[in-house]
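The values are calculated or read from the model by the stated rules, or taken from the named source; none is laboratory data. The shown structure was predicted, so the numbers you read here are calculated from the model rather than taken from an experiment. So basically every Cβ, Gly included, is an ideal-geometry build from the backbone, and we count neighbours across all protein chains shown.
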Amino acid sequence: MTISTARKEYRREQVLSSLDPLVADWLSQFPDLTPSQKYAIPLILSRTSTLIASPTGSGKTLSAFLGIISELVKLAKQNALEPRVYCIYVSPLRSLNNDIQKNLLQPLRAITMSESANSEGIQEIRVSVRTGDTSAQERAKMLAKSPHILITTPESLAIMITAPKFKNKLIDVRWVIVDEIHEVCSSKRGVHLSVTLERLQNMMSRPICRIGLSATIQPLDDVARFLVGYDGRKERDCVVVDTRFAKPTSITVSSPVEDLIHTSPSISSAELYRRMKDLVTANRTTLIFTNTRAGAERSAFQLSKGGSLNVDELSVHHGSLSRDHRKEVEDRLKEGKMRAVVTSTSLELGIDIGSIDLVIQVGSPKSISRCLQRVGRAGHALDRVSKGVLIATERDDIVENAVIAEQATKGKLDRIYIPKNCLDVLSQHIVGMAVERSQWTASDAFHVIRRSFCYRSLRKDDFLNVLKYLSGGYQSLEGFRVYGKIWYDKVEGTFGRKAKLLRVIYSTNIGTIPDEVTIKVYLLSGKWIGTIDETFLERLSKGDIFLLGGRTYEFRAARGFKAYVVRKEGSKPTVPSWFSDLLPLSFDLGEEIGRFRDDVYQKLLGGLSDPDLSTFISKRTNSDNNAATAISGYFRAQFDFIRTLGLDSFPTNKVIFVEDYRDFENRQNIIFNCTYGRRINDALSRAYAHLVSVELNTGVTTTIRDSGFMLTIPEGSVINPQKLVNILQANQIRPRLLEAIKKTEIVKRRFRHCATRALMMLKHYKGREIRIARRQMNAQLLLPMLESLKDFPILKETYREVIEDVMDVSGAESILADVQNGTRRILIGPKTDVPSPFSHELIASGFSDQVLMMDRKNLLEHLHESVLRRIGNDGR
Amino acid sequence: MAGPWPALYLDDEDAIIASDLHIGLEDERELMGIHTPKTTFPQILEQVLTPIKHYNAKRIVILGDLKHEFGRPSEPEWWGVKKLVKTIREMGCEPELVRGNHDNYIMSVLSDLGVKVHDPALILADSECVLMHGHTVPPPPEIVRARILIIGHEHPSITVRDGLGVKHRYKIFLSGQIGAYHVIVLPSNSPFSFGSDMNETSPKHRLSPILKNRDLSEMIPYLLEIGIAVKEFPQMKYFQL
């Protein structure tokens, strides 16, 4: 059977009769069951692992719990409930949440306190919450009076399975529910959880029934494999309940003005806020998503101006605000007391926020799934239409929105990405296993790990290198003292706990979410404009110009956790914006944008008039008049430009258009128009930049966007773009990229994250906390030294994370492979001093990073020259 | 300067001067909860031995902080020090140490090995040169009849911007007049320590009392790319970022 899709939707009566009468009684108060309930309840009752995919608010949490409650009630009636955990519910959200209140506690109370239940005198079914916030006293209570249903987080679960006493409560767990699995599985947190589930299973004598709850994502088969894992070589069985499109949605695309090329940004943003205000006043409750926290603050401020909205009815909700403030906003929303709430991402997940009439998305949500998730917050009950408006002021954003709306309506989704074979997470689990029992056979441990979907293809030598690292085996010379967390006997193939404090180290350093110190950025006037990372602040000097939330600022001073800046509109940033907080566009969406470009191009070729083109776009993408006109004007401008150059192709998903553009400073800029999204473009741009840097022996800066990338070469050096394109083959991307990212900021920072996850650098040690800045400094010093070690796993993992998770090296390889086999082609335009309209937004954004493959001696000479030049410029 | 290495060669004395080796710095990190594979020793060895070989020098003066001590070391932790002394002697060269602030427990081991230790300074009268670690105040020049002061301790480095605005950091030698002495500050030999950024750290946060709160703007930095190049740059005053 392995992974299959549920075919049978049971009738209401069938479902009710399969449940315990007490549960059926309670459930029969509702006129009908939800689709996910009709599919999933019989499956769960038959102990089949099930993945339920349906929109938020469609009652999937209850679908998962009803069958379990029914089984527990049966046991409770027979007085056969033992003092141990039967069901574990894992959620990535720590503040648990009214969803559990509504979908577990209230039904459970109603069922077990009902008159008929009372007359039967059934056993109490206990529910407890155990997270990092749970006190020692509460934990002791759970030991004495075991819960039957345990609510927890992935991290707390990983600690629990090693807890000497509480472990005994987990000897025969029957169900594990993983909530928000779509959110979890695409990060290292999910990778970590997938192994925890296998370690838990390994402690049982019979299979656990696993239930995954997912929002609308793709591909469900992989998410199902992620949920259930493998048994030996065989995929475990799982049935997918796919009710993703049960909820009707209506998405429209809007633009504040009809010409985004010639309208000034200040006018279009004034129009944007006017339009938002109109929408808010026309609806009862509106939820507004912006992609950044600063954007949320800005929008809320603009909406509050002019007094048409009552200040009490308008608020902001994002991660930088206090928990109390957020709770208050959530409560007021639920009570229907808010007219509008502006949020960055924090209201995206499953918190019950009551009834919302309209969702406004400002800017592009960058993925179809995310768009549906956000718009799905409107019309929360299943039968009500979710209404969303996507509104943007940047040209590329509007095009993205148009294609998102089209695809969402067609029911197409973009695929999520699940990281694999992460050696840092593996290290943490090996330490956990060494804590769990005194001795392991390495091959047994290897097999347990390989049962996880994320480690299916883990190589034995990588696994052994992790054991070598953890046992302190990486030494350049004999004779020094060895520090190891575990011992590892190569001959016997066994390992176990070595460090005395290992249990404490494990439980105080567990987790995969990198900790960052954020610095709040203020204008000198005291106005808050956003946050930057502490490590980015360290790279700033007085007078530097940098990008934040799409605007440029000059850095003046830093005090404590605050940085002070002044506005510097229109200036080019002087430092790369390594810290981009923007969400990357998904590749699938990028492909669709390319296809859309092609379709519009065909219409332009066919001589369609501008009004007809607008109508075509408007019908196809559900765009309002302004948006359709703006898009058609944008495409027309590109079309005319291409014509002037005498070219016969348009940049589409199949045609990568390369421009050879000389800027005002007479530098050569090579621009690639390709809408493959930031992750692929990042990989491609650095591979090309590496090539240029080696060929010309100079530094090259890269500018990366979702719609393309640009290489900027210092004045005095020039390369023929055709040569560049001819040289770089698909199989060279990976090695070039690995060279190009060495010594970059992203590697330094990700190495700190990986080393912290791998327990190489501890956050908490001997009762002390080691500050991030201190760990970062050590990470930077350690890096060059680890380069000399062969296959040091944490360094290997850092590079893997950067090229596979942050960037998409495989995607970049397949693009170039397509070029080689003729499925896609690269079109090189003539040398010009005017960039094409599709490149304007790319050129206007600040550069992203530098690739410097100069030999070290040349670099010193180059620096010497630039210092002398600067002294000369100062008039000396 | 002894080529592209963190060392000086004094012709008159036929001696190599190298500072701040900090052998075993890794152990300190381990006690802080940062696992640090031991990789630095071969690199330190190469840095010290290459100039000796090149000049066929008969004498090497280590300008303090030979071993990174943070408590009484255990027996295996002497291994690196013994190996270093042995290897230097095999090349026909004799090591000496000027005592630094990290060299407390090492004294007895060095006397077992017969290594000469100078505390607090080595005065080379013929070359009018005082060699000190740099964590203490120097003797007045007229008393010791010297005009040159060579120190370590500070681990000086510098940050330079390239044409595109990206920062690069280098270890440096610093040379110039401070008060009555011509002072030369040596970079550290520890791969694990870049040390103080001389143009981004404020004068009051410098480590050595000889440099603290002093005006270094006329001093000349020599940027070092170990094993590859060393290059004289314009005076420090041009590096106030």
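For the range A:473-481, check the following and say yes or no: at least one residue is farther than 30 Å from A:Gly295 by Cβ, in a strand (DSSP E or B), within 14 Å of chain B (Cβ to nearest Cβ) and without any contact (Cβ under 8 Å) to a residue 12 or more places away in the chain. Checked the range A:473-481: at least one residue is farther than 30 Å from A:Gly295 by Cβ, in a strand (DSSP E or B), within 14 Å of chain B (Cβ to nearest Cβ) and without any contact (Cβ under 8 Å) to a residue 12 or more places away in the chain. Scanning the range A:1-32 for residues that are among the hydroxyl-bearing types (Ser, Thr, Tyr), part of a loop (DSSP other than H, G, I, E, B) and at negative phi yields A:Tyr10, A:Ser28.
Selection within the range B:203-214: residues that are surrounded by fewer than 17 Cβ atoms within 10 Å (Cβ to Cβ) and touching a residue at least 12 places away in the same chain (Cβ under 8 Å). The member of this set that is farthest from the other protein chains (Cβ to nearest Cβ) is B:Pro209. B:Arg59 meets all of the listed conditions (1) charged (D, E, K, R); (2) under 30 Å from A:Lys766 (Cβ atoms); (3) at pLDDT 95 or above but one, namely (2). Number of residues in the range B:56-100 that are touching a His at 6+ places or on another chain (Cβ under 6 Å) and either under 14 Å from B:Leu25 (Cα atoms) or within 14 Å of chain A (Cβ to nearest Cβ) (or both): the value is 3.
For the range B:1-40, the set of residues classified as in a strand (DSSP E or B) and away from chain A (no Cβ under 13 Å) consists of B:Ala7, B:Leu8, B:Tyr9, B:Leu10, B:Ala15, B:Ile16, B:Ile17, B:Ala18, listed by residue number.
When the residues of the range A:579-621 are filtered to those that are free of Cβ contacts under 8 Å to residues at least 60 places away in the same chain and of a type in the set (Val, Ile, Thr), the one that is surrounded by the fewest Cβ atoms within 10 Å (Cβ to Cβ) is A:Thr615. In the set B:Ile143, B:Ile178, only one residue is over 22 Å from A:Lys743 (Cα atoms), more than 21 Å from the chain's Cα centre (by Cα), surrounded by fewer than 22 Cβ atoms within 10 Å (Cβ to Cβ) and more than 14 Å from every other protein chain (Cβ to nearest Cβ); that residue is B:Ile143. Criterion applied to A:Pro42, A:Pro92 was being assigned to a loop (DSSP other than H, G, I, E, B) and in the same structural domain as A:Met113 (by TED's automatic domain parsing), and the one residue passing it is A:Pro92.
Of all the listed residues (B:Ser127, B:Ser190, B:Ser111, B:Ser175), the sole one being assigned to a helix (DSSP H, G or I) and of a type in the set (Gly, Ala, Ser) is B:Ser111. Of all the residues in the range A:154-179, those that are surrounded by 19 or more Cβ atoms within 10 Å (Cβ to Cβ) and touching a residue at least 60 places away in the same chain (Cβ under 8 Å) number 15.
Within the range B:225-241, being surrounded by 16 or more Cβ atoms within 10 Å (Cβ to Cβ) and more than 9 Å from every other protein chain (Cβ to nearest Cβ) holds for B:Ile226, B:Met236.
With respect to the conditions (1) surrounded by 20 or more Cβ atoms within 10 Å (Cβ to Cβ); (2) in contact with a strand residue (DSSP E or B) (Cβ under 9 Å, 6 or more places away or on another chain), A:Ala758 falls short on a single one, namely (2).
Checked against the criterion of being not in a helix (DSSP H, G or I) and not aromatic (Phe, Trp, Tyr), the candidates A:Leu426, A:Leu390 yield just one match: A:Leu390. In the range A:180-197, the qualifying residues are those that are polar (S, T, N, Q) and buried (at least 21 other Cβ atoms within 10 Å of the Cβ), and the one that is farthest from A:Glu348 (Cα to Cα) is A:Thr196. Tell me, please, whether a residue that is of a type outside the set (Lys, Arg), within 14 Å of another protein chain (Cβ to nearest Cβ) and outside any loop (DSSP other than H, G, I, E, B) can be found in the range A:483-492. Yes, the range A:483-492 contains a residue that is of a type outside the set (Lys, Arg), within 14 Å of another protein chain (Cβ to nearest Cβ) and outside any loop (DSSP other than H, G, I, E, B). The set of residues from the range A:841-862 being free of Cβ contacts under 8 Å to residues at least 12 places away in the same chain and in contact with a Lys or Arg (Cβ under 8 Å, 6 or more places away or on another chain) comprises A:Leu860, A:Glu861. Look at (1) crowded, with 21+ Cβ neighbours inside 10 Å; (2) in a strand (DSSP E or B) and you find that B:His102 fails only one, number (2). All conditions in (1) small (Gly, Ala, Ser); (2) crowded, with 19+ Cβ neighbours inside 10 Å; (3) away from every other protein chain (no Cβ under 13 Å) hold for B:Ser193, with the sole exception of (3).
Select from the range A:127-150 the residues that are in a helix (DSSP H, G or I) and either touching a residue at least 12 places away in the same chain (Cβ under 8 Å) or among the charged types (D, E, K, R) (or both) and list them in ascending order.
Kept after step one, since they are in a helix (DSSP H, G or I), are these residues of the range A:127-150: A:136-144.
Passing the criteria: A:Glu138, A:Arg139, A:Lys141, A:Met142, A:Leu143.
Out of all the residues in the range A:853-860, is one or more at pLDDT 85 or above and either more than 17 Å from A:Asn681 (Cα to Cα) or within 9 Å of another protein chain (Cβ to nearest Cβ) (or both)? Yes; the residues of the range A:853-860 include at least one that is at pLDDT 85 or above and either more than 17 Å from A:Asn681 (Cα to Cα) or within 9 Å of another protein chain (Cβ to nearest Cβ) (or both). Taking the range A:257-371 and the helices (runs of 4 or more DSSP H) fully enclosed by it, the elements with 1 or more residues that are surrounded by 14 or more Cβ atoms within 10 Å (Cβ to Cβ) and of a type in the set (Gly, Ala, Ser) are at A:265-282, A:293-304.
For the residues A:Phe639, A:Phe596, A:Phe616, the requirement of being closer than 20 Å to A:Gly363 by Cα and not assigned by TED's automatic domain parsing to the domain that holds A:Gly846 singles out A:Phe596.
Is at least one residue of the range A:790-809 more than 31 Å from the chain's Cα centre (by Cα) and under 30 Å from A:Thr512 (Cβ atoms)? Yes, the range A:790-809 contains a residue that is more than 31 Å from the chain's Cα centre (by Cα) and under 30 Å from A:Thr512 (Cβ atoms).
Of all residues in the range B:193-240, those satisfying the criterion of being farther than 22 Å from B:His133 by Cα and in a loop (DSSP other than H, G, I, E, B) are B:Glu200, B:Ser217, B:Glu218, B:Gly227, B:Ile228, B:Phe233, B:Pro234, B:Gln235, B:Gln240. Residues in the range A:834-849 that are among the polar types (S, T, N, Q) and surrounded by 21 or more Cβ atoms within 10 Å (Cβ to Cβ) were compared, and the one that is farthest from the other protein chains (Cβ to nearest Cβ) is A:Ser836.
Residues in the range A:529-547 that are more than 14 Å from every other protein chain (Cβ to nearest Cβ) and either touching an Asp or Glu at 6+ places or on another chain (Cβ under 7 Å) or closer than 12 Å to A:Phe561 by Cα (or both): A:Thr531, A:Ile532, A:Asp533, A:Glu534. Residues that are of a type outside the set (Asp, Glu) and within 14 Å of chain B (Cβ to nearest Cβ), at least 1 per element: which helices (runs of 4 or more DSSP H) completely within the range A:743-833 meet that? Ranges flagged: A:745-757, A:772-786, A:793-800.
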